[in-house]
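Participant: After the structure tokens below, expect a handful of questions from me.
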Amino acid sequence: MLVLKRDLGEAIVLDGEIFLSVFKSEGKEGRCSIALDAPNQVKIFRGELYPEGSPQWKKCQWMRAKALK
């Protein structure tokens with residue numbers, strides 16, 4: 001897992017065509033809004049929407065645990 005720090009408005013580019021940017025930060029609450037721009041064929045889901053126990057759900061749980069340490 002790669003962890004990067006970004007300031008508001010700074011972007012991360014994946015594979016030259018998927019852009020992620022910190023859109024808004026809510027300070028001490030540890031929440032932020034992420035802006036995503038990707039081609040139409042790229043499916044984007046929130047991790048908690050995957051069925052419990054699925055490989056995607058397990059990966060999201062692992063990442064959450066790492067982030068909360």
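The values are calculated or read from the model by the stated rules, or taken from the named source; none is laboratory data. Note that the structure is a prediction, hence the values are computed from the model and not measured. Counting neighbours? That spans all protein chains shown, and the Cβs are built from the backbone with ideal geometry, glycine included. When the accessible area is computed, the model is the full protein with side chains, heavy atoms only, and any ligands, DNA or RNA have been set aside. Shrake-Rupley method; radii C 1.70, N 1.55, O 1.52, S 1.80 Å.
Participant: Which members of region 38-54 meet the condition of being within 17 Å of the chain's Cα centre (by Cα), within 26 Å of residue 16 (Cα to Cα) and either among the polar types (S, T, N, Q) or open to solvent by 100 Å² or more (accessible area, probe 1.4 Å) (or both)? Write out each step before concluding.
Facilitator: As a first pass, look at region 38-54 and keep what is within 17 Å of the chain's Cα centre (by Cα): 38-39, 42-50.
Those still in the list that are within 26 Å of residue 16 (Cα to Cα) too: 38-39, 42-47.
43, 45, 46, listed by residue number.
Participant: Exactly one condition in (1) open to solvent by less than 80 Å² (accessible area, probe 1.4 Å); (2) at pLDDT 90 or above; (3) in contact with a Leu (Cβ under 7 Å, 6 or more places away or on another chain) is not met by residue 25; state its number.
Facilitator: (2)
Participant: Can you tell me which residue in region 56-69 is nearest to residue 10 (Cα to Cα), limited to those that are open to solvent by 100 Å² or more (accessible area, probe 1.4 Å) and part of a helix (DSSP H, G or I)?
Facilitator: So the first thing to find is which residues in region 56-69 are open to solvent by 100 Å² or more (accessible area, probe 1.4 Å), and the list is 58-59, 62, 64, 68-69.
Restricting the remaining residues to those that are part of a helix (DSSP H, G or I) gives 58-59, 62, 64.
Values: 58: 29, 59: 26, 62: 26, 64: 22 Å.
Only one residue fits best here, namely 64.
Participant: Starting from region 11-35, keep only residues that are assigned to a strand (DSSP E or B), then list their pairs with residues that are open to solvent by less than 90 Å² (accessible area, probe 1.4 Å) and among the charged types (D, E, K, R) whose Cβ atoms are within a distance under 8 Å, requiring at least 6 positions of separation or different chains.
Facilitator: So the pair list comes out as 21/10; 22/10; 32/26.
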